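Below: the structure, in structure tokens.
The values are calculated or read from the model by the stated rules, or taken from the named source; none is laboratory data. Bear in mind that the values here come from a model prediction, so they are computed numbers and not experimental data. Because the Cβ atoms are built from the backbone with ideal geometry, glycine has one as well, and the counts that use them run over all protein chains shown. SASA here: full protein model, heavy atoms, side chains in, ligands and nucleic acids out. Shrake-Rupley method; radii C 1.70, N 1.55, O 1.52, S 1.80 Å.
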Amino acid sequence: MSRIEKWFRNPIFLLCLAAGLIAFVVQSGEVGSADTMHRLQSTHAFWTSEPPVFPNEYPEFGVHGRNGSLQSWYGIGQSLLMLPSDLLGTFIAKLHLFDRYGDTDPTVRDIVVTYLTQILITVLTALVCFKLLRQFSFGVNQSVAGVLSLLVATTHLHYTQNMMENNYICLLTLVGISFEYEWLKTGSSRALLIGTGAFGLNLLTRLTTGLDLLAGALFVLLVLWFEGVRGRVFWSRCREYAVVAVPVFCFFGFLDRLYQFYRFGSFTNTYASLVARETIARDPSLPSNWPWTNPWHGGVLGALFAPEKSIFLFDPLIILALVLLVLHWRRLAPPVRAYGIATGVMLLAYLSFYARYFAWAGDFAWGDRYVSTAVELVALMAIPLLLKYRREAGRTVWVMGMVLLVASIVIQIESLMFWLPLEIYQEETLGHPTLVIALRAKNIVAFAFGKMDAWGLNNVAMTQDPWDYVHITCWNFLPFLLRRVGEAPAWAVGVAFVVWSAGLAALAATLVQIRRVARQLRES
């Protein structure tokens, strides 16, 4: 058997290949949101003479920092992540080949950044997720199915196309949990350093990922407790953890504060407080507690049940995960119990924290983007548990699980078809409440058959921003966007379609091969 044949019989290689192809075929070439566009500009400002915020963007975006300079109000994490691809993308964009294309959207730089960054994150997520599920004593096939369900049956797929911080945070949290568990099993200081370092690195991306950090610590404590560790041994392991974790967390906390001081001249404030102060100064009619103005119960109930944002509608696998965790609780291994509680508590903490924020669901977003990563981490257990305890659960649970899985995949594929603000514009005339996932399905059918006007789905709001109008009136994949914008030469658009189609075919072939290998493993 040749080396290549061995690769294509190796489930880990096939899983990474599938992950890379998934990330490849879903890209639009755009970063997907204004937030990421601003973070990419901060990346560019690290190594060029361009500012992190242009004067014409204020006051819609930006806050005044040291010496009156305009600064971005985000953490540094994702900007650092995009630095290598930004360097490469800027170099490629300056090649003579692209002289006539210029800065037309999607820009060459954006295309390079989105493809390289998202493929890297998706492949690494697949690897770490597989490692974690195997650590939890799931079989190879169960672990492969679990990874694929995370990648294509949760909102992780949407954020693979729309490059917000979510998938990067998800990756680092999975790394943290996996390597902290490795330390519990092996005593490896290196593993603990990697695990706590991943949680610390998350702090540079978004300060609220301190909740992920605390969930990781809770996971460690619960594993020890469920494994029967008590007394001096328990406190000894806790001290070992703290000796490494506390300095690591303090180090990354210091880096965050150092970046804050560099921008705003203070180690103690946050960019959120500065934005609030400037916003209230411009509009004194705002309440003094802005942006924490939403009723707490409204934010929590909205995230759970609002048809525009409900986590159960946008990530149905969480329903299956919760049912199976309760149903099989006594059968679950200690680390699975600990993981279920830790991620569940983290989800509740995120729901509670953002509930009072004026835009508690993240404004222009598919679902509730502030809690979606925590939801994905809970939902990760759904398919591995369904497969592992299929016989014990019975036919009814199995059928329910398959229905929820199919529904989840359909919903996530729906999310890719158009740029996310489409339904938000339509809601200006359709009103609230609006079942967004049903409206997206209607949009797909209407657009495919040229019925958008006839079905009353076009409105004035969609046309007021010409850039947005172009992007919400075509399929949200790179070849279609290039054709819609109309600046790329016909041959380039044709090549893009050929390469994209080849990627789809390669993904289908890879998934077929994964199924073939899974059958062989089951029979052996």
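The condition of being buried (at least 22 other Cβ atoms within 10 Å of the Cβ) and within 27 Å of the chain's Cα centre (by Cα) holds for only one of Thr90, Thr114, Thr104, that being Thr114.
So which of Ala407, Ala441 ends up being of a type in the set (Gly, Ala, Ser) and touching a helix residue (DSSP H, G or I) at 6+ places or on another chain (Cβ under 7 Å)? Testing whether each residue is of a type in the set (Gly, Ala, Ser) and touching a helix residue (DSSP H, G or I) at 6+ places or on another chain (Cβ under 7 Å) leaves just Ala441. Every listed requirement among (1) modelled with pLDDT under 95; (2) in contact with a helix residue (DSSP H, G or I) (Cβ under 6 Å, 6 or more places away or on another chain); (3) of a type outside the set (A, V, I, L, M) is met by Gln161 save one, (1).
If you go through the stretch 93-150 one residue at a time, how many are closer than 30 Å to Phe219 by Cα and hydroxyl-bearing (Ser, Thr, Tyr)?
If we filter the stretch 93-150 for residues that are closer than 30 Å to Phe219 by Cα, which is where we start, we get 117-150.
Keeping just the survivors that are hydroxyl-bearing (Ser, Thr, Tyr) gives 117, 122, 125, 137, 143, 149.
Residues that pass the stated criteria total 6.
For the stretch 1-28, taking the residues that are surrounded by fewer than 23 Cβ atoms within 10 Å (Cβ to Cβ) and not in a helix (DSSP H, G or I), the one that is modelled with the lowest pLDDT is identified as Met1. When we screen Leu133, Leu80 for residues that are crowded, with 20+ Cβ neighbours inside 10 Å and either at pLDDT 95 or above or within 20 Å of the chain's Cα centre (by Cα) (or both), the only hit is Leu133. Among the conditions (1) out of contact with any Gly (no Cβ under 7 Å at 6 or more places or on another chain); (2) β-branched (Val, Ile, Thr); (3) open to solvent by less than 40 Å² (accessible area, probe 1.4 Å), the only one that Thr122 does not satisfy is (1). Within the stretch 283-300, is there a residue that is surrounded by fewer than 18 Cβ atoms within 10 Å (Cβ to Cβ), of a type in the set (A, V, I, L, M) and closer than 30 Å to Ser69 by Cα? Within the stretch 283-300 (the criterion being surrounded by fewer than 18 Cβ atoms within 10 Å (Cβ to Cβ), of a type in the set (A, V, I, L, M) and closer than 30 Å to Ser69 by Cα), the answer is yes, since at least one residue qualifies.
Quick check, is Thr396 touching a Cys at 6+ places or on another chain (Cβ under 8 Å) and open to solvent by 10 Å² or more (accessible area, probe 1.4 Å)?
Here the answer is no, as Thr396 does not meet what is asked.
On the stretch given as the stretch 364-381, residues that are assigned to a helix (DSSP H, G or I) and either open to solvent by 30 Å² or more (accessible area, probe 1.4 Å) or touching a strand residue (DSSP E or B) at 6+ places or on another chain (Cβ under 8 Å) (or both) total 0. When the stretch 417-467 is filtered for residues that are open to solvent by 20 Å² or more (accessible area, probe 1.4 Å) and acidic (Asp, Glu), the ones remaining, listed by number, are Glu427, Glu428, Asp453, Asp465. Within the stretch 468-488, being without any contact (Cβ under 8 Å) to a residue 60 or more places away in the chain and open to solvent by 40 Å² or more (accessible area, probe 1.4 Å) holds for Tyr469, Trp475, Arg483, Arg484, Gly486. Here the condition is being in contact with a Ser or Thr (Cβ under 9 Å, 6 or more places away or on another chain) and either surrounded by fewer than 21 Cβ atoms within 10 Å (Cβ to Cβ) or not in a loop (DSSP other than H, G, I, E, B) (or both); of Val323, Val336, it holds for Val336 alone. None of Leu504, Leu478, Leu511 is in contact with a Gly (Cβ under 9 Å, 6 or more places away or on another chain) and under 25 Å from Ile119 (Cβ atoms) except Leu478. Across the stretch 34-77, the number of residues qualifying as assigned to a helix (DSSP H, G or I), crowded, with 21+ Cβ neighbours inside 10 Å and under 17 Å from the mean Cα position of the chain (by Cα) comes to 5.
Rundown of residues vs (1) β-branched (Val, Ile, Thr); (2) over 28 Å from the mean Cα position of the chain (by Cα), yes/no style:
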site	(1), (2)
Arg232	no, yes
Glu240	no, yes
Val243	yes, yes
Leu258	no, no
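Taken over the stretch 348-378, the residue count meeting the criterion of being touching a His at 6+ places or on another chain (Cβ under 9 Å) and over 21 Å from Leu422 (Cβ atoms) is 3. Condition check: part of a loop (DSSP other than H, G, I, E, B), free of Cβ contacts under 8 Å to residues at least 60 places away in the same chain and surrounded by 14 or more Cβ atoms within 10 Å (Cβ to Cβ). Does Ser266 satisfy that? Answer is yes for this residue. The one condition from (1) touching a Leu at 6+ places or on another chain (Cβ under 8 Å); (2) more than 22 Å from Val26 (Cβ to Cβ) that Ala492 does not meet is (2). Among the residues that make up the stretch 152-165, is at least one of them surrounded by fewer than 23 Cβ atoms within 10 Å (Cβ to Cβ), on the phi < 0 side of the Ramachandran plot and among the polar types (S, T, N, Q)? There is no residue in the stretch 152-165 that is surrounded by fewer than 23 Cβ atoms within 10 Å (Cβ to Cβ), on the phi < 0 side of the Ramachandran plot and among the polar types (S, T, N, Q). Taking the residues in the stretch 187-203 that are in contact with a Phe, Trp or Tyr (Cβ under 6 Å, 6 or more places away or on another chain) and open to solvent by less than 30 Å² (accessible area, probe 1.4 Å) as candidates, determine which candidate is nearest to Ile169 (Cα to Cα). Here the answer is Leu203.
Rundown of residues vs (1) buried (at least 24 other Cβ atoms within 10 Å of the Cβ); (2) out of contact with any Cys (no Cβ under 8 Å at 6 or more places or on another chain); (3) at pLDDT 95 or above, yes/no style:
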{"site": "Tyr357", "(1), (2), (3)": "no, yes, yes"}
{"site": "Gly362", "(1), (2), (3)": "no, yes, no"}
{"site": "Pro384", "(1), (2), (3)": "yes, yes, yes"}
{"site": "Leu387", "(1), (2), (3)": "no, yes, yes"}
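A quick yes/no check of all residues on (1) among the hydroxyl-bearing types (Ser, Thr, Tyr); (2) in contact with a Pro (Cβ under 9 Å, 6 or more places away or on another chain); (3) closer than 26 Å to Trp366 by Cβ:
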| position | (1), (2), (3) |
| --- | --- |
| Leu14 | no, no, no |
| Val25 | no, no, yes |
| His44 | no, yes, no |
| Leu80 | no, no, yes |
| Ser85 | yes, no, yes |
| Ile92 | no, no, no |
